[in-house]
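First the structure, in the form of C-alpha cells, and then the observations on it.
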Amino acid sequence: MEHSDPSTEFDIRCSGASSERANIAARTSVAAGCDGLVSFGLAGGLDPALQPGDLVVADAVICADGSKIQTDKSWSDQIIGTFEDNNISFAGGGILGLDEIAFLPETKRSLFAGTGALCVDMESHAVIHAASLEAIPFVALRVVADTASDEIPRAASCALGPSGGVQAGSLAMALAKNPAEIAGLLKLRKLSALGFETLRRIAPLLSFSRAL
C-alpha cells in the first residue's frame, strides 16, 4: 500500500489464503488512507510452463464469473522496469481469483483452458475489487508455488491461519484423518519455500509512485 510521501510506505496486512480476509484487509487499508493496493504472495500455477519460484506480474485479474479487471498500467510499468534493470525474470499475464483452492491438476487444466490465466490465488480478486470501488491503483505480483501438475492435499485448506502461519492443531487433526496426505504436504512445503525465496528477493525492490 503506497502513500504520497516520496519514500514508499507500506501498510502490510496478511490474509492467510482467504478471499474474505483479503477484502477486509484491503478495505481497512483504504479506510486508513492508502493510495493504492498491492497483492503480493504465492499462487498456484495454471500455465504448464511455469515452475515453482516463477514470478508473475499481472496485467489483469480474472474473476470467477469471467469478468476481467485491468491492473494499473503505470505501476505495472514501473515495477517491470525495476525487475528488468535488476535481471529479475517474470511472466506477464492474467491472474485468476477464486474463493477456493484449485486442488487437482485436472481442475487447473480446465481453468487454464477456460481463462488463459497464468496462475490462480484467493486474494487478488478481493483486493482489486476494493481498489476499483475507490478508484485507486492496484497491482498484483504473485509467485508460483504448486505447479499446474501438482495436486494440493486437502489438509492444506485448514493448515493456514489468518496471519499466514501454520495452525498446528488443525493440521494435525486433518492428517490424523488422512495420514496419506503427509507426503503431499511435505512436497508442498518444499514448493512453497521456492516461492518464498523469490518473494524475499523481489520485496526490497518494490517502490511505487503516483503521477501528480
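Every read-out reported here was derived from the displayed coordinates using simple, explicitly stated rules and does not represent laboratory data. As the structure is a prediction and not an experimental result, all values here were calculated from the model. Because the Cβ atoms are built from the backbone with ideal geometry, glycine has one as well, and the counts that use them run over all protein chains shown.
Okay, here's what the table says:
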quantity: ALA91 long-range amide H proximity, modeled H, under 5 Å; calculated: LEU55, VAL56, VAL57
quantity: Estimated D of the range 1-81 in µm² per second, where Rh is the Kirkwood radius over Cα pairs and Stokes-Einstein applies at 25 °C, 0.890 mPa s; calculated: 168
quantity: Distance (nanometres) between label positions extended 7 Å along Cα→Cβ at SER110 and ALA180; calculated: 2.1
quantity: For the range 67-161, the fraction of alpha-carbon pairs in successive 5 Å shells from zero, as %; calculated: 2, 11, 20, 22, 18, 15, 10, 3, 0
quantity: Per residue, the convex hull volume that the Cα atoms of the chain enclose (Å³); calculated: 114
quantity: Value at 222 nm in deg cm²/dmol, rounded to 500, when DSSP H runs of n ≥ 4 in the chain each add -39,500 (n - 2.57); calculated: -12000 deg cm²/dmol
quantity: Extension reserve of the SER207-ILE12 stretch, reckoned as 0.36 nm per residue once the Cα distance is removed; calculated: 68.8 nm
quantity: Partner lysines for LYS68 [C-alpha distance under 22 Å; skip if fewer than 8 residues away on the same chain]; calculated: LYS108
quantity: Amide N proximity, the range 55-75 versus ALA49 label position 7 Å along Cα-to-Cβ, cut-off under 14 Å; calculated: 55-57
quantity: Within the chain, longest stretch clear of exposed GluC sites (Glu not before Pro) (DSSP loop, no more than 15 other Cβ within 10 Å); calculated: 101-212
